[in-house]
1. Would you check which residues across segment 135-155 are buried (at least 16 other Cβ atoms within 10 Å of the Cβ) and either within 20 Å of E29 (Cβ to Cβ) or over 17 Å from the mean Cα position of the chain (by Cα) (or both) and list them?
2. Looking only at segment 9-61, filter to residues that are of a type in the set (S, T, Y) and part of a loop (DSSP other than H, G, I, E, B); which one of those is surrounded by the most Cβ atoms within 10 Å (Cβ to Cβ)?
3. Criterion first (out of contact with any helix residue (DSSP H, G or I) (no Cβ under 6 Å at 6 or more places or on another chain) and buried (at least 21 other Cβ atoms within 10 Å of the Cβ)) does E268 satisfy it?
4. Would you confirm whether or not segment 288-301 contains a residue that is at pLDDT 95 or above and hydroxyl-bearing (S, T, Y)?
5. Going by what's in this entry, would T300 be described as assigned to a loop (DSSP other than H, G, I, E, B) and β-branched (V, I, T)?
6. Among (1) touching a Leu at 6+ places or on another chain (Cβ under 8 Å); (2) touching a residue at least 40 places away in the same chain (Cβ under 8 Å); (3) within 30 Å of D78 (Cβ to Cβ), there is one condition R183 misses while meeting the rest; what is its number?
7. What pairs come up if the first residue lies in segment 108-128 and is in a loop (DSSP other than H, G, I, E, B), the second is of a type in the set (V, I, T), and their beta carbons are under 6 Å apart, counting only those six or more places apart or on different chains?
8. Which ones in segment 232-273 are under 15 Å from A291 (Cα atoms) and β-branched (V, I, T)?
Amino acid sequence: MSIRGIDQITYGVEDREQCGKFFDDWGLERIEETATRTVFETLNGCRVIVADHDAADLPPAFEEGSTLREVVWGVGSDADLDRLRPVLEKAEGFVADKGHIGCTDTNGLAIRFQLTQKRDVEVTGCPSNTWDKRERIDRRGAVYERARPIEVGHVVLFVTDVSRAEAFYAELGFVASDRYPGRGAFMRCEPRGGHHDLFMLQLPNGKLGLNHVAFTVRDIHEVFGGGLHIDRCGWKTQLGPGRHPISSAYFWYFKCPAGGLVEYYADEDELTGNWQPRDFEPSPTAFAEWAVDGGLDGHTRRQHEAKAGGKFLTEKRED
């Protein structure tokens, strides 16, 4: 079975104008506008739909307020849809229309599968020079004024029963990457791929809903450039920049008016069928190798609320 990743996500929101402004600043391309929804695209054609929360054709919400209402996963062939159908038919809320088949997952979120609509794109990241391997010669490293996300890379959900949720997605063909036993499950669509396309986290209070949606960018420098631009636009950091030790990815999280958080990330681990899932104990050090609390100021390039008085090395000395 070939599940190619996320093709489309849909938010149901209370303030579509504000959310539209956010995703414009985030670096998505606005491609369509109707009376009830605004449609954006990433570089490879992955769609982000921002719909009025009371639009009649939206699936039910799994939490109050603005939030994620649907995730559409792309597959490689009609044969893949045929193999998925018997599993989906057993689940709650089975649907089959307009080229989709889907259901409601164990968390109450609408999921759909379709022939992937994403397109191949030529995107080049900036290579790094390590001690033993020099890949950038006679050229400077990249500096980005803003980010242009390549695709929606993964979603993270709060769930009430992580073991049940993992079993549901495993039956659809998802593969376990790593776990917080009894608390969290990192899963990828296929044996070969990035560290995770889906992460489900069970909190002690039983909270259900959206944690964040993550957008893939080309390299660590675009994480920084994108984050600094979003800060200059006036949007607030939740945490970052930083680095996850479990997936090795660099991240920067922002509060999102469409619900939950959104993340720029790059440089996650690439796994194969040889990978054996590891178990981790939830802790601050498992979540982040390092992270900047409050983010960086897009104008000063320093941590927000840092004490005044510091100078850049390039500033003129006062003798």
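The values are calculated or read from the model by the stated rules, or taken from the named source; none is laboratory data. Since the structure is predicted, the reported quantities are computational estimates derived from the model, not experimental observations. Glycine also receives a Cβ, built like all others from the backbone with ideal geometry; neighbour counts cover every protein chain displayed.
1. Selection gives A142, Y144, R146, A147, R148, P149, I150, E151, V152, G153.
2. Once the filter is applied, the top-ranked residue is T42.
3. Here the answer is yes, as E268 does meet what is asked.
4. no
5. yes
6. (3)
7. Partner pairs satisfying both residue conditions: V123/I150.
8. Within segment 232-273, T237, I246 meet the criteria.
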